[in-house]
Amino acid sequence: MTYRIGVICGDGIGKEVIPEGLKVIRAAGVDFETVDYDLGGERYLRDGTVLPDSVLDEWRQLDVLYLGAVGTPDVPPGVIERGLLLKMRFDLDLYINLRPFSLPAEGGRSGHDFLVIRENTEGTYAGEGGFLRKGTPYEVATQGSVNTRHGVERCVRYAFELAASRERKHLTLVHKTNVLTFAGDLWQRAFDDLAGEFPDVTTAYNHVDAACIYFVQDPQRYDVIVTDNLFGDILTDLGGAVSGGIGLASSANLNPDRTSPSMFEPVHGSAPDIAGQNKANPIAAILSGALMLDFLGEKAAADAVRAACDACVEMTGSTTEIGDAIAAMLQ
Ligand code: IPM
Ligand code: MN
């Protein structure tokens, strides 16, 4: 089968790491064709384009989307993040943001694995709020958090199903129920109700501040974590930092119902400080490619890509050298 991959390299190091990911997927023996989309901060600065509806319609005909990073320092905050990345997540209903972590172990191999399931279409990211009397001494800015029973439940259900499929079968809810007593209450009830359907899965709850300590001091306690959009955003940068660095952190934005294509991207951003120097670590993008292969049902190829990344994780070299080394291991 020849998969059709929509490719958005985006800005900065996105342009350097995505070609390495495609190189590695090809080396893993998976057949695909790409459709390239020139989108991101640079495109916006050139002609004002962010994400035309016609492009969204084209994407619906593709199997998956592969994104590098979007954002340039000279574009005002939010234009590209909200207009492109979040619009993709929302309009394609990519309601699961799956972010796996492997704690480093001896010899560059991965040790303990755990995953964060981040709700990807609601919470503070939904954009509820606004200004009153903007620019005056009496201005008011509100920023609400949207939590629907439907949105929370489908995310928590996905996390339970994932936990049930794993060896350890342990799921932790992370929230801040002691302060966010409305949203937290809804999350906790959805979690408790679903726990009854998954008797094999053991459960736990951590406040997000305590979870930050455990991420650093005792990440072995985690198997699968489920959390809201903003907590998931913050915790997964920390997850990257404690598991070998953000240059290794991969992610999948999934529409598990397959009503539109899922999107795969590294957790890191466009890193303008090191862009254009062939020195970004391509492994986060390559591992995001492995998540894409998982989703396409190419399990053997995905596992082979992860094993090759494991073997090269301590390698020093340029972006292209690391990509070449990983690809060579697969051939
Ligand atoms: C991420 C990023 C995005 C987010 C930004 C770029 C909008 O930080 O994917 O984690 O906050 O979700
Ligand atoms: Mn983030």
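Note on region 254-269: among residues that are more than 16 Å from Leu67 (Cα to Cα) and touching a residue at least 40 places away in the same chain (Cβ under 8 Å), the one that is nearest to the chain's Cα centre (by Cα) is Pro256. Give region 251-271 a look and list any residue that's assigned to a loop (DSSP other than H, G, I, E, B) and more than 16 Å from ligand 2 (Cβ to nearest atom), or say none. Scanning region 251-271 gives Asn255, Pro256, Asp257, Arg258, Thr259, Ser260, Pro261. Only residues that are of a type in the set (A, V, I, L, M), within 14 Å of Gly40 (Cα to Cα) and crowded, with 24+ Cβ neighbours inside 10 Å were counted in region 1-17, giving 2. Checking region 187-203 against the condition returns no match, with no residue being part of a helix (DSSP H, G or I) and within 16 Å of ligand 2 (Cβ to nearest atom). The single condition among (1) charged (D, E, K, R); (2) open to solvent by 40 Å² or more (accessible area, probe 1.4 Å); (3) at pLDDT 95 or above that Glu265 does not meet is (2). Within this structure, Val55 fails the test of being in contact with a Leu (Cβ under 7 Å, 6 or more places away or on another chain), surrounded by fewer than 21 Cβ atoms within 10 Å (Cβ to Cβ) and either over 20 Å from Asp237 (Cβ atoms) or of a type in the set (Ser, Thr, Tyr) (or both).
From the list Val216, Val179, Val174, the one residue that fits, being on the phi < 0 side of the Ramachandran plot and surrounded by 17 or more Cβ atoms within 10 Å (Cβ to Cβ), is Val174. In a residue-by-residue description of region 113-120, the property of being of a type in the set (Val, Ile, Thr) and within 16 Å of ligand 1 (Cβ to nearest atom) applies to at least one position. Looking for something within 16 Å of ligand 1 (Cβ to nearest atom) and not basic (Lys, Arg) - is there at least one such residue anywhere in region 27-40? Yes: region 27-40 contains one or more residues that are within 16 Å of ligand 1 (Cβ to nearest atom) and not basic (Lys, Arg).
With respect to Asp324, is the statement that it is touching a residue at least 60 places away in the same chain (Cβ under 8 Å) and surrounded by fewer than 22 Cβ atoms within 10 Å (Cβ to Cβ) true? Against the criterion (touching a residue at least 60 places away in the same chain (Cβ under 8 Å) and surrounded by fewer than 22 Cβ atoms within 10 Å (Cβ to Cβ)), Asp324 qualifies. Only one of the numbered conditions (1) surrounded by 18 or more Cβ atoms within 10 Å (Cβ to Cβ); (2) assigned to a helix (DSSP H, G or I); (3) under 18 Å from the mean Cα position of the chain (by Cα) is violated by Ala241, and that is (1). Among the residues of region 219-232, just one is within 16 Å of ligand 1 (Cβ to nearest atom) and open to solvent by 50 Å² or more (accessible area, probe 1.4 Å), namely Leu230. The conditions of being open to solvent by less than 10 Å² (accessible area, probe 1.4 Å), at pLDDT 95 or above, away from ligand 1 (no atom under 16 Å from the Cβ) and out of contact with any helix residue (DSSP H, G or I) (no Cβ under 8 Å at 6 or more places or on another chain) are not met by Ala210. Taking every residue in region 218-236 that is more than 11 Å from ligand 2 (Cβ to nearest atom) and in a loop (DSSP other than H, G, I, E, B) and pairing it with any residue that is open to solvent by 10 Å² or more (accessible area, probe 1.4 Å) and not charged (D, E, K, R), at least 6 positions away or on another chain, the pairs with Cβ-Cβ distances below 8 Å are Tyr222/His170; Tyr222/Tyr214; Asp223/Leu115; Asp223/His170; Asp228/Ser145; Asp228/Asn147; Asp228/Ala183.
The values are calculated or read from the model by the stated rules, or taken from the named source; none is laboratory data. This is a predicted model, so every value here is computed, not measured. Don't worry about glycine lacking a Cβ; one is built from the backbone with ideal geometry, like all the others, and counts go over all protein chains shown. Keep in mind that these areas ignore ligands, DNA and RNA; they rest on the heavy atoms of the full protein, side chains included. Shrake-Rupley method; radii C 1.70, N 1.55, O 1.52, S 1.80 Å.
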